[in-house]
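Let me begin by presenting the structure, written as structure tokens, before commenting on it.
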Amino acid sequence: MTVAPEAMAEVRDVVGRLEGVEIHGGDATRLIVTIEGNSTGTLGDRLTEINLMKGVLAASMVFEHAEETEELPCPLT
């Protein structure tokens with residue numbers, strides 16, 4: 001994501017406290033984050049939330065990966 005330089009400290013703090021979001025690095029105007037969630041909708045919602053934050057100039061998804069949850073047989077049946 002690209003952040004206004006004067007807003008970096010605040011954006012880093014707020015984004016770092018979001019559930020399912022991890023900051024991996026960045027520089028004076030960019031942050032690299034991972035967003036984890038239960039569905040692509042959840043990921044998209046979190047990305048939209050970040051995009052709407054004061055000081056965030058742009059945030060885009062570079063890569064998306066989703067896995068189907070494996071259904072295991074119930075041991076009681």
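The values are calculated or read from the model by the stated rules, or taken from the named source; none is laboratory data. Values in this document were obtained by computation on a predicted structure and should not be read as measured data. Cβ coordinates were reconstructed from backbone atoms using ideal geometry, including for glycine residues, and neighbour counts include every protein chain displayed. Accessible surface areas use protein heavy atoms only, side chains included; no ligands, DNA or RNA. Shrake-Rupley method; radii C 1.70, N 1.55, O 1.52, S 1.80 Å.
Each peptide among 32-39, 43-50 gets the average number of other Cβ atoms lying within 10 Å of its residues, and from highest to lowest they stand as 43-50, 32-39. Amide H contacts under 5 Å for Leu57: Thr2, Val3, Ala4, restricted to partners 5 or more places along the chain or on a different chain, H placed in the peptide plane at 1.01 Å from N. Backbone geometry of the range 4-19 corresponds, through the Karplus equation with coefficients 6.51, -1.76 and 1.60 at θ = phi - 60°, to 3J(HN,Hα) couplings of 4, x, 6, 9, 4, 4, 5, 5, 4, 5, 5, 5, x, 9, 6, 5 Hz, x marking Gly and Pro. On a per residue basis, the range 2-58 carries 65 Å² of accessible surface, using protein heavy atoms and a 1.4 Å probe. The fraction of accessible area contributed by carbon and sulfur in the range 2-58 is 50 percent, rounded to a whole number (1.4 Å probe; ligands and nucleic acids excluded). What the Kirkwood sum gives for the range 2-58 is a hydrodynamic radius of 11.4 Å, with every pair of different alpha carbons counted. Taking other residues whose beta carbon is less than 15 angstrom from the beta carbon of Val14, and scoring Lys, Arg as +1 and Asp, Glu as -1, yields -2.
Which value, in debye to the nearest 20, describes the size of the charge dipole of the range 14-57 about its Cα centre when Lys and Arg Cβ atoms bear +1, Asp and Glu Cβ atoms bear -1, and nothing else is charged? Show your work: numbers first, answer last.
On the way: 4 positive and 6 negative charges, 33 e Å.
Here the range 14-57 has a charge dipole of around 160 debye.
In the elastic network of the chain, a GNM with C-alpha springs shorter than 10 Å, the most mobile of Val11, Val62, Val21 is Val62.
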